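The values are calculated or read from the model by the stated rules, or taken from the named source; none is laboratory data. Predicted model only: the values in this text are computed from it and were never measured. No Cβ is skipped: glycine too gets one built from the backbone with ideal geometry, and neighbour counts run over all protein chains shown. Surface areas here come from the heavy atoms of the whole protein model, side chains and all, with no ligands, DNA or RNA. Shrake-Rupley method; radii C 1.70, N 1.55, O 1.52, S 1.80 Å.
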Amino acid sequence: MSTELASARDELSARLDATFRRAAGATAAPGVQAAVMHQGAVVWTGTHGLADVAARRPVADDTMFCLASFGKLVIAAAALRQAECGVLDLDAPLATYLGDEVPGTARVTTRMLVTQTAGYPDIYTTPELAPLLPHVAPGSTTPSSYDPDRPFTWAMVAPAFREPVAPGRSWAYSNAGYVLLARVLVRALGGEDAMQDACSAFIHRPVDSPPIPDDQLTLHRSAAAAALLARGYDPQPDGTFRDAYGAHHPSGVPTDLFGLPFGDGMFAGTALGAARFLDGLFVGAAFLHPESVGEMTTPTPASLADADLTRKAHGYGAGTMIEDVAGRRWHGHPGMYGGFSSNGATDLARGITVVVLANGTWLPSEEHPDRIETASESVWRALATACAQGEA
């Protein structure tokens, strides 16, 4: 490395250190973890605060977080890989794989699921599913029967699906569509074990790149993951944090936090693991053919026509949100669930990837008081801006 390049890297690292200390200290989360990569190389990582408030356990580089909806990007990429292999036909009706397991399978395709144009209404507020979850839907008179140690099954989720609304005609963010995407992969690949094995093989063994280990990116609720997992928290008005699962006393990883059947948030990991996946996907061409990457990173006409989306982002591709931040265009995905939030994206033009994970949910944005900004997003925007001030 030349002296000039080393000096530029040192300057960037110092700028990211200062930015991270300031932004992480101001965010509504007990702990934050972040990583920045540039064209395959890790240029900076940072940790702040506590993974477990009661135990005073600090966030470390190997602390794992629920990745929440960031996992939509990961499972969308896995689905596109199965399409490349000829296992999955993106444009065949879902009935090809699901029969009539849920409504609308004759009219909806897998491509509609990954591009958020399938039109499936929310399933988590339905009478069939809401009482089984930690937080019963507002206005519900049915008490929760949530058990954090009871595995969720497809049979528990399937009755909550309703007829899709105008499939293929408009864009609408849908957790339900991604839960259904996981089910399509299960059926196309021959069962839950085969699906999990295929997804693990996909994310852990990129082409011509070092493997991403299971403790950096995983869909398995294992004892090893439980030992490394931060606790999730919801900020309270008085400045304290409520343990999102504290009242339920889970014996391990809560069964709704990640893993099957929740294709809308199926993964957990570290900021470095998520950054390595994004870098390999969008910069290193280690996971998909260029045509598939192009589909992920090109906004669909339906997403660009959605006024609510375009006020916040520059469209949605296949499992990928496209945003302009600090004068640069970034491709990635945010997430928030169970006391965790995540945000990771790549500036394709420069090959820079920034990922931030937090064990806190949301806080008001000072820059945009009318919008909700997650704990991870506020730190991510600060780091992305710092990266835009100079070349990595």
Which count do you get for residues in the range 324-363 that are of a type outside the set (A, V, I, L, M, F, W, C) and either part of a loop (DSSP other than H, G, I, E, B) or surrounded by fewer than 22 Cβ atoms within 10 Å (Cβ to Cβ) (or both)? 11
May I ask you to list the residues in the range 235-264 that are in a strand (DSSP E or B) and acidic (Asp, Glu)? 243
In the range 229-266, residue surrounded by the most Cβ atoms within 10 Å (Cβ to Cβ) [restricted to those that are in contact with a Pro (Cβ under 9 Å, 6 or more places away or on another chain) and aromatic (Phe, Trp, Tyr)]: 233
Scan of the range 155-173 for residues that are of a type outside the set (D, E, K, R) and closer than 10 Å to residue 119 by Cβ, ordered by number: 164, 165, 166, 167, 168, 170, 171, 172
When you check residue 181 against the structure, is it under 24 Å from the mean Cα position of the chain (by Cα) and either more than 20 Å from residue 114 (Cβ to Cβ) or open to solvent by 20 Å² or more (accessible area, probe 1.4 Å) (or both), yes or no? no
Keeping to the range 50-106, report how many residues are more than 25 Å from the chain's Cα centre (by Cα), over 23 Å from residue 163 (Cα atoms) and open to solvent by less than 40 Å² (accessible area, probe 1.4 Å). 0
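With the structure loaded, tell me whether residue 284 is in contact (Cβ under 8 Å) with a residue 12 or more places away in the chain and open to solvent by less than 10 Å² (accessible area, probe 1.4 Å) or whether it fails that test. Talk me through it step by step, then tell me what you get.
Working: in contact (Cβ under 8 Å) with a residue 12 or more places away in the chain: yes; open to solvent by less than 10 Å² (accessible area, probe 1.4 Å): no.
So residue 284 fails the test.
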Here's a check for you: in the range 187-212, which residue that is at pLDDT below 95 and surrounded by fewer than 19 Cβ atoms within 10 Å (Cβ to Cβ) is nearest to the chain's Cα centre (by Cα)? 204
